[in-house]
Amino acid sequence: PFTCTLDCGGRCQLQAVVQNGRLLRLDTPPNQQDTVDHPRLIPCVRGRAHRRLQQAPERVGVPRRRVGPRGAGQFEEISWEEALDEVAARMRQLEVQAAQESLLHIIGAGSGGGRGLNGLGSSRRFFSYWGRVTDTDGNMSNHAVSVAAEWMFGHVPSASERATLMEARLILLWGNNPAETHMGNNTAHYIASARDRGARVVLLDPRYTDSGVLADEWVPIRPGSDAAQVAAMAWVMETEGLCDRRWLETYTVGYAQYRDYVLGRSDGQPKTPEWAEPITSVSAETTRRLAREFATVRPACLLAGWGPQRTTYGEQAARALM
């Protein structure tokens, strides 16, 4: 038994069938609980493709040392003992020169940095004792969201488990495609269950993805315009008295400045649905309706994906949604 190491957030269980040290196939572990309220984790085709990844002819299975000019692609195979000895020798040389910062500490992609082997944690701990090395900052996945969460909340907050979606009456999938990206197991299952119980599901996404089958309505939005769409919806809520003023004044700091921006007091441009329409390609009528629905239907859920923040000024989309 082992856990899928792909960085989709699923952590699905897998079972390897091994014979004489060779991986024959991957299965789902048998006898797992599988009910409507607690569906089992069924690995997708990507997780089941681990066998192909392990046995791919392109995979580098042994250390290789460059023997030609940089970029020429000329390498020779060496043993693990040679590779480790060479790395250790170079590290000793850096110690003598007091040049530890010239070592770039960078971890690979996927889940090798956290789940299972915990490569990133052990590697950082080792180098924290050895010296001040150069590390990387941020990531290509959810960096803008993480930074925005630190700004807005002081930390990256915990979330509710997906089963709570079954209590929702309105679900906004904002740049979120749970049918294809499994950030949270069985999200699509719980959304479908919530819809069966009467919840309305709206998909805001430039593309009609496979998650469209989960939704009652698809609202195509121009990529990179999410912060403007949020501002226009906030303008409707503010001008129609749909905001909980007492809650905002009690539990938030700085909303007054955002309200001034939304109402146009700070720059002379009210962020009306008509203002947003040429920016977002979402009709003013649709924006008004979505704002009223989200403000009045309880409980409502906003499930924002990480796609909107993977653009220039993506942190602003993340801040607006928060």
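Normalised per residue, the accessible area of the chain is 62 Å², obtained with a 1.4 Å probe and no contribution from ligands, DNA or RNA. Using Cα pairs under 8 angstrom and six or more residues apart, how large is the relative contact order of segment 195-317, in percent? After rounding, I find 27 percent. As a fraction of the 1.4 Å probe accessible area of the chain, surface on carbon and sulfur atoms comes out at 52 percent. Both radii were evaluated on the Cα set of the chain; the Rg over Rh quotient, with Rh as the Kirkwood radius, amounts to 1.05. Residue separation of HIS105 and ASP27 scaled by 0.36 nm, minus their Cα-Cα distance, works out to 24.5 nm of gained length. Report the antiparallel proportion of the DSSP beta bridges in the chain as a percent, rounded to a multiple of 5. So the antiparallel bridges amount to about 40 percent of the total. For segment 192-287, the set of GluC sites (Glu not before Pro) satisfying both a DSSP loop assignment and a count of at most 15 other C-beta atoms within 10 Å is given as GLU240.
Our summary gives segment 144-259 a relative contact order of 18 percent, counting only alpha carbon pairs under 8 angstrom and 6 or more residues apart. Are there chymotrypsin sites (Phe, Trp or Tyr not before Pro) in segment 174-210 that DSSP puts in a loop and that have at most 12 other Cβ atoms within 10 Å, and which ones? Here the chymotrypsin sites (Phe, Trp or Tyr not before Pro) that fit, given the DSSP loop and packing criteria, are TYR208. FRET efficiency for the pair SER281 and ASP216, taken as 1/(1 + (r/R0)^6) with r the Cβ-Cβ distance and R0 = 25 Å, rounds to 0.80. The distance between label points at ASP37 and LEU120 comes to 3.5 nm (points 7 Å beyond Cα on the Cα→Cβ vector). Averaging 1/r across all pairs of distinct Cα atoms in segment 1-156 and inverting the result yields a Kirkwood radius of 19.6 Å. So what is the relative contact order of segment 80-222, in percent, for Cα pairs below 8 Å that sit 6 or more residues apart? It comes to 15 percent, rounded to a whole number. Could you give the angle, 0 to 90 degrees to the nearest 10, between helix 226-239's Cα long axis and the longest principal axis of the Cα atoms of the chain? Computed tilt is about 30 degrees.
The values are calculated or read from the model by the stated rules, or taken from the named source; none is laboratory data. These figures come from a predicted structure and were not determined experimentally. With ideal geometry, Cβ positions are generated from the backbone for all residues, glycine too; neighbour counts draw on all protein chains shown. Side chains included, ligands, DNA and RNA excluded: accessible areas come from the protein's heavy atoms. Shrake-Rupley method; radii C 1.70, N 1.55, O 1.52, S 1.80 Å.
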